[in-house]
Structure formats: C-alpha cells, structure tokens
1. Rounded to the nearest 10 degrees, what's the angle between the helix 113-128 long axis and the longest principal axis of the chain, both from Cα atoms, 0 to 90?
2. If contacts are Cα pairs under 8 angstrom and at least 6 residues apart, what is the relative contact order of the chain in percent?
3. Can you compute the FRET efficiency between residue 165 and residue 71 using 1/(1 + (r/R0)^6), with r the Cβ-Cβ distance and R0 = 30 Å? Round to the nearest 0.05.
4. To the nearest 10 square angstrom, how much accessible area does residue 288 have with a 1.4 angstrom probe?
5. Round to the nearest 0.05 the FRET efficiency obtained for residue 147 and residue 231 when R0 = 56 Å and r is the Cβ-Cβ distance.
6. List, largest first, the extents of the alpha carbons of the stretch 9-183 along their principal axes, each in whole Å.
7. Could you sort 283, 52 by accessible area so the largest value comes first, with the probe set to 1.4 Å?
8. For residue 72, what is the net charge nearby, where nearby means another residue's Cβ is under 9 Å from its Cβ and Lys, Arg count +1, Asp, Glu -1?
Amino acid sequence: MSPTPDFDESLFAEDCMTAEPSVRLRRLTPADAPAIAGLLGDIAVSRNLGRVPHPYTLADAEAWLAGLVADRSGLRAAISVDGALAGVVSLTPAAGALGLGYWLGAPYSGRGIGTLAIRSFVDFAFATTRIGVVEAAHMVDNPASGRVLAKAGFRPYGAMRARSLARRETVEHVTCRLRRADWAETLPIIETDRLTLRTPTMADAEETARLAADRPIGLSTAQTPALGALDEARGFVLRAARDPRPANLRLLMRLKESGALVGTVGWRAGEAGVVDLGFWLGVDHRGRGLMTEAARAALEAAFQTGGVRAVRTTCRAADWASRQVIIRCGFQWEGSGLVRPATGGPVAADRFRLDRETFQSFREWTPAAFRAFGG
Ligand SMILES: CC(C)(COP(=O)(O)OP(=O)(O)OC[C@H]1O[C@@H](n2cnc3c(N)ncnc32)[C@H](O)[C@@H]1OP(=O)(O)O)[C@@H](O)C(=O)NCCC(=O)NCCS
C-alpha cells in the first residue's frame, strides 16, 4: 500500500498513553524548541540519526517545528516523561514508504522508555490510520535501536547506506519493516463459541457508526460509547488506541459465522485494582445470549490481567436485559444511584461488583480462548 499522505492533525489532540503512566505521546508545540535543541545538541544522540546536524541549535529546532505546521504528510509526537519532553517519534514519507524515526535524549536512554514509546506510537498509527506498512532503518553500530524495533515487531529485511549529517559520513544501515497484517497478529483477541472479539481500528469506524445509528442499546455503563455518527465512532477507535492496554481494553464483537459486527465489550481502569466493564449490543442481535457470552469472556480476560481484584459495572435501573447479562456473569448488586451517560441527563442506575474470588467460584462456563494482553 502506498503511504498515506494526509494525517489527521487531531490524532494527537489528546495524549496517547503508554503502559507506564509517566510516559506519554503528545502533540509537539513551538514551546518544545529549547528542550529539543538541548537534547539533540548532544552528539551521542545525533550521531545515530540521519538528518540532524551537529552542532544543533535552538534556531534549528524552531525551524523544524515551524515546518511541521500544516504539514500533514507525516505524524509526529513528543515523547513526554513526567511532563518533560524526552524525545520525538515520527512517521514521515521516505523513499516511497512511511519511515519511522525516533530519538530520546541521553538522560532518558536505556530505561525502557524507547520500547514503550515506539510500541505505543506504532500501535496508535496502525489503529487510527489506514497505513499498510511502516519502514525503519538503524545504523549497524546502534544495536539498541535494532532491539527496540524488534520488540515492536519489526523484522530486518535488508541493508542500505545513508548519510549522517552529524557524523559527516555515509553509514551502513539495517532496514526493517512492520506490515499491518503482522501488527494485527499482535493484538489481543478473544474467541468464544460464536464470537471473535478484537480491538477496533479506523477501518471499523463506518460499520460501528452504522450499527449504533439506531441507538438501540439501553445498556448504560461507564464506558458505553455514545455512538451513532461517524465522528463518534472515530472517537471510540481513538480512545481505544490512546488508553493503555491491558489496564483498558475495548473490543469489537463480530460473529464468527458471518463476520458481522454486533457490539462492543471492554473495560476501563477504575480505582487501583478495579476495572469498569462496559458492553453494548446492536438491536438486531439481542435475545440470543451473545452479550452474556462476550461479557463472560471479557471478564476472564480482565481477571487474567495482572492486579485486577474486582470488576464493576452499571446498568439503568429499568434495563432488564442488561441486568440479566450482569447477573449471569456473577455480579453482585452494590447499590443504586444516578449516573450520567455519555449523552442526555442523569438516569437511575444500579451498580454491581464482582470480586476475583467470587468470579472464580461462580464460573461454570467453558473458558474462552485468549491471545496476548501484554502491551
Ligand atoms: C535507540 C533508542 C530510541 C532506544 O531507546 P531506549 O529507551 O534507550 O531503549 P530501551 O531501554 O527501551 O531498550 C533498549 C534495548 O536495547 C538493548 N541494548 C542496549 N544496548 C545494546 C547493545 N549495545 N547491544 C545490544 N542490545 C542493546 C537493551 O538491553 C534493551 O533491550 P532489552 O529490553 O531486551 O534488554 C534511544 O537509545 C535513542 O534515542 N538513542 C539515540 C538516537 C537513536 O539512536 N535513534 C534511533 C535512530 S534509528
């Protein structure tokens, strides 16, 4: 597939989280120039890069940032550590492909930050755009970079020589790539008897919007997406890509038989050790036990992720179908009160909770098949 030349600038309107709360990806701003100049001025960093000269000045950083304004041919993000700019990660057109670039300032290297940031960025880019393949190249004498790429799923496929402005010489590089199909293989997936549950990508947005257009749902949980328009469906995909897995997970439910999208299920991180389960089923698919099947599988997955002690959920007081799903999963009623759904005013709702021990003793169904919940 040819590179996508038109990245939506709102993709990084909100921070993209990584598995480590202190490490995030955020939009670059002109105010980042001094930090970029300070870190890239270090030859230990720029010698591993192609297009960064040495010395590298504040004016260079300002000019680079100014050149990004209105440039939609690439996707770039600041790597922020405890709120400070630690480096940059980017996808830009290069030699007919989309090339991944990344650097961290010396104080931030060797601490696992590159691994977190690059994985999250690549995940985010594949999930929220339609790019088909990402290319990368690292210098042969920069094995840490090769290792970080390997951990993000990239595979070496060749070699090339390219100039390094900082070294003022041509350097031998290893070329690597990650194809969308191989990336998709790394995503969490849950298989039940009748359903396949996967994380959404932008390719699912239109179908998700259509399914939700009739707002049939009646299930009002903390994370039920207020879908119904393409923008809202896109927002759902973006949130799924921004929030770190497996502390948060949003999955689309598709029928194995036909591939049809029928609903969503997932959880969001709540207080420490507790996640909030949300679920939602299209009107044409109700009354066949699909939601119970998916919610039970999601619960198993949630309890498999480290540190989850309890799962909570909420449903409208008058929503008997949801309540049945919740009871069949083993939840205990905790209380009632008002909740604010994503749209409309507050509604009366019941709160339920399921502790790990109760879940383990209650579970009487066949466990679903899972793959990889690591991030
Ligand atoms: C390359 C870079 C992004 C890596 O980020 P990082 O946060 O330092 O990397 P991490 O700590 O997440 O992981 C580094 C991995 O490389 C491994 N590594 C480090 N030095 C190594 C070496 N000399 N040989 C082999 N592996 C090495 C580490 O053991 C670690 O792997 P592990 O987690 O399996 O043990 C960062 O160091 C950097 O920005 N360097 C300067 C600029 C640059 O090189 N950019 C890339 C241009 S292609």
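The values are calculated or read from the model by the stated rules, or taken from the named source; none is laboratory data. Fair warning: this is a prediction, and the values are worked out from it, not measured in the lab. Cβ sites come from the backbone with ideal geometry, for glycine too, and all protein chains shown count toward neighbours. With ligands, DNA and RNA removed, areas are computed over all heavy atoms of the protein, side chains included. Shrake-Rupley method; radii C 1.70, N 1.55, O 1.52, S 1.80 Å.
1. Orientation of helix 113-128: about 60 degrees from the principal axis.
2. Details: 742 pairs, mean separation 50.1, N = 375.
Rounded, it is 13 percent for the chain.
3. Working: r = 20 Å, r/R0 = 0.67.
My answer for the efficiency is 0.90.
4. Using a 1.4 Å probe on the heavy atoms, I get roughly 110 Å².
5. Working: r = 39 Å, r/R0 = 0.70.
That gives a FRET efficiency of 0.90.
6. 39, 38, 32
7. Working: 283 65, 52 20 Å².
Highest to lowest solvent-accessible surface, that is 283, 52.
8. Values: positive: none; negative: 6, 8, 9, 71.
Surrounding charge for residue 72 is -4.
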